[in-house]
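What follows draws every value from the coordinates through simple rules; no lab data is involved. Values in this document were obtained by computation on a predicted structure and should not be read as measured data. Here the Cβ positions follow ideal geometry from the backbone for every residue, glycine too, while neighbour counts run over all protein chains shown.
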Amino acid sequence: MKYLFTICFILCCSTAFSQIMPTENAQLHYRLVGFVADTFILGHTTLIIAPGNYSSIDSIKNHACYNQAITAKQTPVTLPSFGTPYSWYVSVDAPKAITYSIHHFSTKPLPIEWNPSQIRLRIVKNENKYKNTFIFSDALKAMTDMDGNILWYLYTSDPEVSFVGGLVRDLKVSPTGTITLLHNNIPYEISYTGKMLWKAPRNPSVNHDVAENYHHQFSKLSANRYMIMGDEPKMCHKEFQAGTFPIIMDVKNVLEHP
């Protein structure tokens, strides 16, 4: 399943309460980054970013990949590559000229699972009207631009959860700007920056089985509630005796969690 969306809403939700983003020495699993600083003065601030770990303003300026005036309190920038350290600062020319501290962060390398030489989203027809649109792909477990380039991949900072390997369904943006998905039939809600926000319980409250059998159509509803279609496996006994072992998935339960 693929989902198209614009990025402004999700980035704003991820950084709404931060004074400096990215935070110092952050390691990011995305290269579409929302830059925020409490020193931004619209129309009078320039954001300068350079690939590399620099300690001087001149070095950043001389190697800059981005050097533009700020037109919004939160500025999204697509960085050149994964697996790269970056340095950045802002300069303000009003009411008086000020150059602020240098900040550093890096983008994580793309895991082998997301190697563009092995798997890639092919855009058959790139309409100009969708140029500022991005795509979530279950198969890629990633977000791409309209040229198929990976800008964000599925990751969480939760040490007990890994999204490497396994099957992903319903990877999409929720109405509140978070990201919801099923991984190996377990529903999760995470932030764009990888923070684990919610994980569905695995108790047998509906199917009276060892654990709930979550299946598909996972959506976040209003008032922080979630809806997921579940299945109830049933063995067909005649075929079982014949040794063919078919499993009938009776997808009829709508599971709702607070």
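Exposure proxy ranking for ARG225, ARG122, ARG31, based on other Cβ atoms within 10 angstrom of each Cβ and starting from the fewest, stands as ARG122, ARG225, ARG31. For the listed residue pairs LYS129/LYS199; LYS125/LYS199; LYS131/LYS172; LYS108/LYS172; LYS73/LYS96; LYS61/LYS129, the alpha carbons are over 30 angstrom apart in LYS129/LYS199; LYS125/LYS199; LYS61/LYS129. Footprinting exposure proxy ranking of PHE82, PHE218, fewest other C-beta atoms within 10 angstrom first, gives PHE82, PHE218.
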